[in-house]
Amino acid sequence: MQPLERPKVPASAGRAERKLLRQASRSPKTGARRSSQPGGIRWLSSSDTLLDHADVVIIGGGITGVGLLWDLTLRGFDVILLEQAGLGAGTSGAFHGLLHSGARYAGTESRTAAKCLAENRILKSIARPFIRDTGGLFVRLPEDDASWEKTWLAGCRAVGLRPKKVALDDLREAEPNLSPDILAAYRVPDAAIDGFGLLWSLLWLSADAGARVFFRARVTGFLTDEAGVRGVRVVGLDGAEEAAGAAVAEGRGPALEPGEIVAPVVVNATGPWAKDTAALAGPAAAAAVPVERDKGSLLIFAERVVSSVVNRLRPPGDGDILVPHGPVTIAGTTSAPVVGAGRPGPTPQEIELILTQSRAVLPALDTVPPLRAYAGLRPLLAGQGEPSVGRGAGRDFLLVDHGRDGKLAGLVTVAGGKFTTFRAMAEEAGNLVAELLGKTAACRTAEVGIPRLRRQPDASGLAATPEPVDKAGRAAAGAPERDLSGAFACECELVDLAHLLSLLDSGLKLSDARCLTRLGMGSCQGAFCANRLAGAMWQAGWPGTRRRPHTGEGAIAAELAAFRRARTAGLRAVEWGNQARLGVLAQALNQLTLGEADEAGKGATRR
């Protein structure tokens, strides 16, 4: 395994943030025994055997795990994060981008509502570069129960929310596309949040301060002794993110002897898979994690049709949220229990339900084509006298110290919650971790601002400036130098080629770059830029870098195929009209330029 290079504190961080990060990386306050391995990010393969030690190992690379990584790094602990696929590959990469104010749960779950309101205010202070403060609306239609309005208002007041009633004339002036049948409307402090941008910045900042992050790293078991859990066994996975995820779902993995990471505390932050991960430590550990998987489907429309987040003024249900996110509008969600290890996509029935419910609030959607559909899995809390699935399951979060009532001291599970409450979840989990380690280290996440980073801090130069390269190596690899100024990798989303190459140089895959830059997420859904990316990856010497090119035709082809499949999967659910024609066009372009068959357009029909 190649050693990880030590990144520098980013120049974009403020003076206070830089000081805290450097203090954390030295860890004099906690007296932690730090690993000799430097901080950084690495994608494992099946040929890697990872041997290391740390204060804490976190399993799971969603917002729960990454938020805890940031919290513990600021406290000065030596932390390793393991993720079997890619960053935000589970729940965090498939939500609607809504920063809750708590109003959605004010009439049903006061504890969740109060936490959302408190974290909404904190995140607007510390993570402002990632938040579009759109405000939110709750609107009541004639078919909605009028008595719920009083229940909801009382619930809002109980948690400290003060919805402001909006005159209907003012509403129509502010949001002319909303239904003229709306009978009542209230403003609340909802907002839109860039989840992918926040995830990557938190990860990069944590790695910059000494944390070690490993992707394609699958935990196969726990190291235990008579005192409890003392670390994890881990193996590397090959292939693209989707291939790694499929291997895990099907129980396949490398046959090599697993590596080992020794740590006095291991945190299970695997979201919908928290029970499965706990089961690696035995049935008693799994029984202590009452988490069920619930699927939510969403639909993306090709235009930003509203300027505020819009919710139906009724108990939380299906298809009752519209979120303006960048240039698009996201509609959803649905709720359906999931049995088994698979990740089902949206069904035609769910798409029809979302369309029907969304158009009732926003008739203008009749003229706006759906761009794509997707589905994510929620980790919902079962039991506690509540219905165990769907809308009746709790949206609060769970923190389990498996050593408190059992024989698994050192194992902690944190699951459930919302993207909005990730910082609070991390604070409570971090307090427990500090207690288990016997250290006094206060949480700092409510006071340290999070700068937006466009790329990993150890990448040299500005994103618009090509990295200096070994020209002889480039020529040997068959990729001549060219001027990148003004060149776009994706014209729909204006992703400049130089920035994309800098991301590839830092080790990111196309799926990672897509999340950060909206690569391939525009109106053509990658039909035109996918083939252009082959040239960009060749230019980057991928899977090597421009500085150390190691161009592999097979690796580039596999990565492009995975990228196209991810794009076309969301197209198929809405493949009618213009989207059907786009699917056929994408298939034709791929066959004509690369001579390969594609799945896009195969199920296209005219409607």
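The values are calculated or read from the model by the stated rules, or taken from the named source; none is laboratory data. As the structure is a prediction and not an experimental result, all values here were calculated from the model. Cβ coordinates were reconstructed from backbone atoms using ideal geometry, including for glycine residues, and neighbour counts include every protein chain displayed. Ligands, DNA and RNA are stripped out before the accessible areas are found, and what is left, the full protein with its side chains, is counted by its heavy atoms. Shrake-Rupley method; radii C 1.70, N 1.55, O 1.52, S 1.80 Å.
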Region 250-384: mean projected area of Cα convex hull, nm²: 12.0
Spatial separation of Cα centroids for region 544-573 and region 186-210, in angstrom: 26
Nonlocal amide H pairs with Thr220, under 5 Å, H built at 1.01 Å: Arg233, Val234, Val235
In order through region 309-321: 3J(HN,Hα) via Karplus (6.51 cos²θ - 1.76 cosθ + 1.60), integer Hz, x for Gly, Pro: 5, 10, 10, 6, 7, 6, x, x, x, 7, x, 10, 10
Cα pair distances of region 37-160 binned at 10 Å [whole percent]: 10, 29, 28, 18, 10, 4, 0
Region 326-347 and region 487-534: distance between their alpha carbon centers, rounded to Å: 24
Rounded if a/c under 1.5, otherwise prolate or oblate - region 42-103, Cα gyration tensor axes: oblate
Estimated translational D of region 101-199 in µm²/s (Stokes, Kirkwood radius over Cα pairs; 25 °C; 0.890 mPa s): 169
For Arg372, residues with placed amide H under 5 Å, excluding near neighbours: Ile300
Apportionment of accessible area to carbon and sulfur, region 507-570, percent (1.4 Å): 57
Computed label-point distance, nm, for sites Ala184 and Ile126 using a 7 Å Cα→Cβ extension: 3.6
Sequence-distant residues sharing a close amide H with Trp43 (under 5 Å, placed H): Phe215
Charge tally in the Cβ shell below 11 Å around Glu260, where Lys, Arg are +1 and Asp, Glu are -1, Glu260 excluded: 0
Separation of alpha-carbon centers, region 84-108 and region 48-76, rounded to whole Å: 21
Shape call, region 504-550: gyration tensor on alpha carbons, a/c limit 1.5: oblate
Inter-label distance for Thr49 and Ala158, nm, one decimal - labels placed 7 Å from Cα along Cα-to-Cβ: 5.8
For Ala118, net neighbour charge (Lys/Arg +1, Asp/Glu -1) across residues whose Cβ lies under 13 Å away: +3
Which of Tyr374, Tyr186 is most accessible, then next, and so on - probe 1.4 Å: Tyr374, Tyr186
For q = 0.18, 0.27, 0.28 Å⁻¹, Debye-computed log10 I/I(0) when each Cα of region 304-354 counts as one equal scatterer: -0.69, -1.06, -1.08
³J(HN,Hα), Karplus 6.51/-1.76/1.60, whole Hz, each residue of region 421-434, x for Gly, Pro: 9, 4, 5, 5, 4, 5, 5, 5, 5, x, 4, 5, 4, 4
Region 84-131 shape via C-alpha gyration tensor axes, a/c threshold 1.5: oblate
Gained length - Asp405 relative to Thr347, 0.36 nm times residue gap less alpha-carbon distance: 16.7 nm
